[in-house]
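The values are calculated or read from the model by the stated rules, or taken from the named source; none is laboratory data. Quick caveat: nothing in here was measured; it's all calculated off a predicted structure. For neighbour counting, all protein chains shown are included, and Cβ atoms are generated from backbone atoms with ideal geometry for every residue, glycine included. Heads up: the accessible areas ignore ligands, DNA and RNA and are worked out on the full protein's heavy atoms, side chains in. Shrake-Rupley method; radii C 1.70, N 1.55, O 1.52, S 1.80 Å.
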Amino acid sequence: MAEDLVRILITKATSILFQHVQYQFNQLVNVEAESNKLIKTLKLIQSTLHDAENKEIVDQHIKTWLKDLKLTSYDIDDTLNDWNMAVVQVNGNTSRSSLTNKTCLAFVFPCFYSKQMTSLMKVAIQIRNINRTLVLIDARKNVFRFDSISSSQNESQVGLVEPLNVNATTSYTDPSMIYGRDDEKEFILSKLTSENGSPIVFIYGMGGIGKTTLAQVIFNSVEVQNRFEVKLWVSGLRTPINQIRGVNQKRFILVLDDVWAEDFNIWKPLLIGLNEGASGSKIVITSQNEEVGRRINAIKDTFMHPLRVLSDEDSWTVFKRFAFAGKSEEFCEKLNEIGRKVSDKCGGLPLALEAVGSLMDLKDSKEEWEHVLNDKIWRLELGDRVSNPLMLSYYNLPSVMKRCFCYCANFPKGTKIDAANLIQMWISQGYLGYDQTVEMEITGRGYLNSLVRRSLFLEPERDKDSGTILRFKMHDMVHDVASYLMEDECLTVTKMPKEVEQTRHLTVALEDDTAFPIPHRQLEKLYSFSIQSFHDCPEMVGTDCVTLPHEFFNNFKYLKTLDLSRNMLLVIPNDINKLKSLCYLNLSHNPLYELPETVCDLPNLQTLKLFACYHLTRLPQSIGKLEKLRHLEFDETRSFLALPKGVAKLTALRTLSKFVIGNGDDVACSFRDLKNLNHLRGCLVIEGLEQTDASEAKDAELEKKEHVSDLHINCGFAWSVIDGLKLNSNLEVIRIDKYGGQRFSNWMVDLTNLKKIRLNEWTNCTSLPPFGKLPFLKVLHVEGFKAITHVGSEFVGVSSTTLTSTTAFPKLEKLKFSHMEVWKEWNMGLMNNISVMPCIRYLNLSHCDKLQSLPQEVLALPIKKLRIRRCTFLKQRYRNESGENMEMVSHISNLRIQ
């Protein structure tokens with residue numbers, strides 16, 4: 001971790017100091033020699049850090065030395081920030097000519113020097129003092145006789161990460177694939193499906209033993225799905241509440257996963273909940289703490305099932321599934337013996353077997369496998385808190401990923417971590433570099449995927465269309481490793497601590513009766529600060545809202561990441577502009593009406609999150625000053641009317657929740673203000689198209705938004721504007737609402753990379769676009785076409801004159817029609833040489849009340865799931881027993897007609 005920190009500091013020192021020192025300020029503050037000395041000493045230390053970090057785990061003296069180096073490195077980072085801020089104070093415009101003029105003025109007018117240059121002089125003295133400390137640290141390293149590597153080797157170490165494929169698959173497999181638990185699974189299922197016996201099943205065992213995985217397999221089993229009407233899963237419950245009120249005498253199963261609370265009174269609501277359910281309702285609880293089960297058993301009869309470690313053979317089965325993934329048979333045979341020995345060292349713990357197995361999958365030679373087998377970490381006495389195999393996985397991370405992993409100690413155990421949000425936090429901390437022109441989000445996504453692949457991040461939830469990881473969890477044992485490595489740097493408490501000492505990352509998780517905390521002076525060194533109250537934004541603003549005091553932001557000189565979301569905040573004070581180092585600001589789920597204009601005086605702000613601030617009416621007019629802003633998120637801001645004109649200047653933006661076009665006044669964005677926002681990525685929502693015209697649409701240059709893959713347009717029933725659009729061919733998802741034209745736009749079928757289309761409320765359009773031509777289209781949803789009475793061959797996109805064999809909709813998997821109120825007839829009109837929808841699996845028709853029947857060609861397709869709802873004629877024709885054509889749909893395994 002220290003290795004990457006020093007590497008980043010060298011880069012930062014070079015770019016910040018030499019940008020202004022060599023010519024502008026050196027003759028005044030004499031800082032060039034000191035800055036050169038600083039960088040030289042850092043490079044000397046850097047050359048030994050790879051060896052030092054490999055040895056710190058077995059040598060307490062080296063660990064102490066690295067800790068001192070890290071603390072000094074933080075001081076260096078603070079000083080570099082001070083220098084940068086001092087330069088901004090001297091001249092907000094950092095152009096060389098302007099700075100040179102001010103330097104000359106300092107000789108002519110000494111008073112100018114005293115007022116404008118004092119801050120630079122102070123920083124120069126700080127650098128000198130830090131150099132003295134750093135030289136002493138450098139001298140101490142000689143005692144350890146570390147192996148040194150050259151600067152070029154150091155740079156190559158940075159690249160020791162598997163390819164940064166944003167959506168790479170991982171060796172983490174479906175939870176249903178478990179080994180060595182079949183008998184236990186069947187035994188527990190027999191307890192749950194029996195009318196008699198204990199209503200509560202308590203599964204307990206040490207961390208990483210597989211309790212959650214076993215519970216998932218049982219929860220998703222056919223037996224459970226068929227038996228229970230209501231199925232509930234609650235994770236990470238430290239303080240259980242009654243989760244099963246309102247089941248209304250239905251048979252339910254509730255899983256409380258990873259429970260810790262022992263308080264007798266907390267568990268009493270379970271009795272009430274069980275009484276509300278129908279006979280045979282069950283509760284499954286997993287926990288590391290056997291005493292929890294004993295307390296529950298004292299209230300209600302509970303079956304307690306201990307989970308033991310896996311056998312050697314089952315352990316080997318799990319290990320090799322991860323370690324030999326994608327390896328050749330020859331490779332597996334060659335390393336089989338070493339692999340078994342490594343597997344045995346994991347002690348039968350599935351989590352350890354997955355993590356170490358995933359690590360071995362990245363090793364491609366016998367020498368690398370032997371190195372892991374003989375690693376000193378296996379022999380360390382780390383106590384019960386930290387797992388040796390998981391610590392081994394950490395020390396085998398590339399240096400650039402170690403700090404990213406450890407930062408997750410800031411999240412409470414059991415938290416489902418949002419992937420994009422975490423990457424934004426990594427960026428704010430400088431873990432992904434300081435070059436604003438680099439796509440740091442892609443680098444971060446690669447690191448995150450790698451940590452998932454190594455089984456350090458678990459249970460990844462992926463976007464159904466793109467496969468991108470949306471959320472994941474850290475196992476408690478993995479979290480313990482991160483917390484151990486962060487030691488005093490990361491602190492989570494329930495009220496504001498009086499002393500923070502060396503803490504750099506502070507989380508205050510407020511309890512219900514705790515007053516909102518006021519920060520004190522000792523928090524000046526914090527890099528991350530979070531107050532967690534877990535409130536949703538209220539629909540109505542009440543007296544329980546919080547107004548931050550004016551002195552709230554006084555003591556955060558170096559703060560980079562600030563999360564005040566879900567705290568019922570009503571007003572943000574103007575002195576938020578004191579947070580000059582702030583890069584990440586999360587104010588989501590607060591009842592804010594507006595933000596102070598001073599938010600725009602945060603020169604380093606990269607991420608501004610205002611999600612679900614229902615009452616927010618506008619953004620600050622001077623938002624264009626936030627030149628480094630990369631992510632502006634304000635989804636679910638119901639009272640929001642338009643974007644301020646300054647958004648057009650935010651050319652560094654990668655994320656913009658929606659682009660809201662104003663009504664033509666001078667302070668709101670017009671459509672053409674999108675022109676220079678060409679770094680936007682992912683999803684872009686455009687609203688207010690009815691406020692603009694075709695010329696503005698052309699000026700917006702949407703075709704240059706090459707990284708936008710998902711486009712949502714609300715036309716406001718305009719049609720001329722959208723007909724004149726030019727879109728980039730990289731689009732994969734498009735949604736168009738409230739189109740007022742009578743025909744579709746010609747450019748739609750030219751977007752040949754589209755995978756998902758949704759069209760909604762095309763009230764005047766009389767025919768469907770020829771979507772059958774799109775080669776990659778997988779999902780199509782057509783809704784609210786009020787004027788369509790007939791769907792025929794034009795929809796397929798292949799004419800009767802086609803001579804060669806062809807396939808329409810070659811990749812389509814899901815097709816949905818809804819609210820087609822005058823639609824009467826659906827004919828495919830296919831020739832013998834044309835096939836259609838060979839991949840279709842799901843067909844849904846809803847509120848198509850006048851549709852008479854479905855084409856025989858469609859019903860002959862490999863449909864697995866058919867839903868028909870509020871379609872009078874179709875219901876009569878295809879419903880069970882009485883339907884005249886029910887035999888035409890009898891082969892569909894999942895059929896529902898309502």
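Under 8 Å for C-alpha pairs, at least 6 residues apart: give me the relative contact order for the chain, rounded to a whole percent. Numbers along the way, then the final one.
Working: 1798 pairs, mean separation 46.2, N = 898.
Reported relative contact order: 5 percent.
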Karplus ³J(HN,Hα) for the range 142-147 (6.51 cos²θ - 1.76 cosθ + 1.60, θ = phi - 60°; Hz, whole; x = Gly/Pro) runs 4, 5, 8, 6, 5, 6
Applying the gyration tensor rule to the Cα atoms of the chain (axes a ≥ b ≥ c; rounded if a/c under 1.5, else prolate if a/b exceeds b/c, else oblate), the class is oblate
In order over the range 122-133: 3J(HN,Hα) from phi, Karplus 6.51/-1.76/1.60, θ = phi - 60°, whole Hz, x for each Gly or Pro, gives 4, 5, 4, 5, 4, 4, 4, 5, 5, 4, 4, 5
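Run through the DSSP bridge list for the chain and note the antiparallel percent, rounded to the nearest 5. Write down the numbers at each step before the final one.
On the way: 7 of 98 bridges.
The antiparallel fraction comes to roughly 5 percent.
What number comes out for the charge environment of Tyr558, summing +1 per Lys or Arg and -1 per Asp or Glu over other residues with Cβ under 14 Å away? Can you show the working numbers first?
Details: positive: Lys12, Arg504, Arg521, Lys525, Lys557, Lys560, Lys578, Lys580; negative: Asp75, Asp77, Asp78, Asp82, Glu489, Glu524.
Net local charge, Tyr558 excluded: +2.
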Under 5 Å from the placed amide H of His847, counting only residues 5+ away or on other chains, we find His819, Arg869, Arg870, Cys871
Taking placed amide H atoms and a strict 5 Å upper bound, the residues 5 or more places from Lys705 or on another chain that come that close are Asn728
Note, the range 685-694: 3J(HN,Hα) by Karplus (6.51, -1.76, 1.60, θ = phi - 60°), whole Hz, Gly/Pro = x, goes 10, 10, 10, x, 4, 5, 8, 10, 9, 5
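Highest first, please rank the peptides 620-633, 365-378 by the mean number of other Cβ atoms sitting within 10 Å of their residues.
620-633, 365-378
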Simple SL model, points at 7 angstrom along Cα→Cβ for Asp665 and Leu641; separation in nm is 0.5
Among Lys649/Lys675; Lys12/Lys141; Lys268/Lys473; Lys320/Lys416; Lys12/Lys628, the pairs whose Cα-Cα distance exceeds 18 Å are Lys12/Lys141; Lys268/Lys473; Lys320/Lys416
Checked the range 182-314 against the a/c 1.5 cut and the a/b vs b/c comparison, axes a ≥ b ≥ c from its Cα gyration tensor; verdict oblate
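If you roll a 1.4 Å probe over the chain with all protein chains in place, what percent of the accessible area is carbon or sulfur?
On the way: 18770 of 38990 Å².
The C+S portion of the solvent-accessible surface of the chain is 48 percent.
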For the range 379-438, shape from the Cα gyration tensor axes a ≥ b ≥ c, cut at a/c of 1.5 then a/b versus b/c, turns out oblate
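Listed highest first by mean packing, meaning other Cβ atoms within 10 Å per residue, what order do 221-231, 205-215, 684-694 come in?
Working: 221-231: 14.5, 205-215: 22.0, 684-694: 19.5.
With the highest mean Cβ count within 10 Å placed first, the list reads 205-215, 684-694, 221-231.
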Toy charge model, Lys and Arg Cβ at +1, Asp and Glu Cβ at -1: the chain dipole around Cα centroid in debye, rounded to 20, equals 820
Interchain or sequence-distant (5+) residues whose placed amide H lies within less than 5 Å of the amide H of Glu461 are Leu470, Arg471, Phe472
